[in-house]
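S.K.: After the structure tokens below, expect a handful of questions from me.
What follows is calculated from the coordinates using simple rules that are stated; it is not laboratory data. Predicted model only: the values in this text are computed from it and were never measured. No Cβ is skipped: glycine too gets one built from the backbone with ideal geometry, and neighbour counts run over all protein chains shown.
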Amino acid sequence: MKKILITVTVFLLLSLPLSACAGAEQIPEGALVVVTPSPRPVSANLKVGDILEVRLPTIPNKGFSWQAQNLDSNILKQDGEAVYVEDDGVNSAGGTSTLRFKAVGAGSTELILIFASSPDASPAMSAQSFSVSVEVVKGN
């Protein structure tokens, strides 16, 4: 009898952490949607929780970086700073900058990115610009 009691106690103690995890709300990982420049207008359809990754060819210029203009934080939230990766090709003059945005709310917005020296620069004063129309819907 003592052996059964010990076995049941051990089983209950080991299953306790698992049952605590089962009660926690599982937040599914969002999909990754990648956009790059195109001669045609660029658009992206996301669900709340998805990640929008924008990959832009970049020739580095001291003091300049890709920056979001008038970001609607009710729909998209920037996830970190732009990450630049140099192209290692023989004739390369630059590389690719990657910016990530998380879809945090439903709605439509125009994501405008400028390659400028300060966050307050206007698109007209930037070296380059890029925009993408974004539509975010609530997930299942």
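S.K.: Tell me which of Thr98, Leu71, Asn61 sits at the most positive position along the dipole axis of region 29-137, charges placed on C-beta atoms (Lys, Arg +1; Asp, Glu -1).
M.R.: Leu71
S.K.: Of the peptides 105-111, 46-52, 90-96, 79-85, how do they stack up when ordered by the mean number of other Cβ atoms within 10 Å, highest first?
M.R.: 46-52, 105-111, 79-85, 90-96
S.K.: Also, I was wondering about something else. Note down the relative contact order for region 29-137 as a percent, whole number, built from C-alpha pairs under 8 angstrom at least six residues apart.
M.R.: Worked out over region 29-137, it gives 32 percent.
S.K.: Report the antiparallel proportion of the DSSP beta bridges in region 29-137 as a percent, rounded to a multiple of 5.
M.R.: 75
S.K.: Which residues' amide hydrogens lie under 5 Å from the amide hydrogen of Lys47, considering only partners 5 or more residues apart or on another chain, with H built in the peptide plane?
M.R.: Residues meeting the criterion, in which the H sits 1.01 Å from N, are Val137.
S.K.: Could I ask something else about it? Along Cα→Cβ, 7 Å out, is where each label goes; now give me the distance between the ones at Val90 and Glu110 in nm to one decimal.
M.R.: Taking the simple label geometry, Val90 and Glu110 are separated by 4.3 nm.
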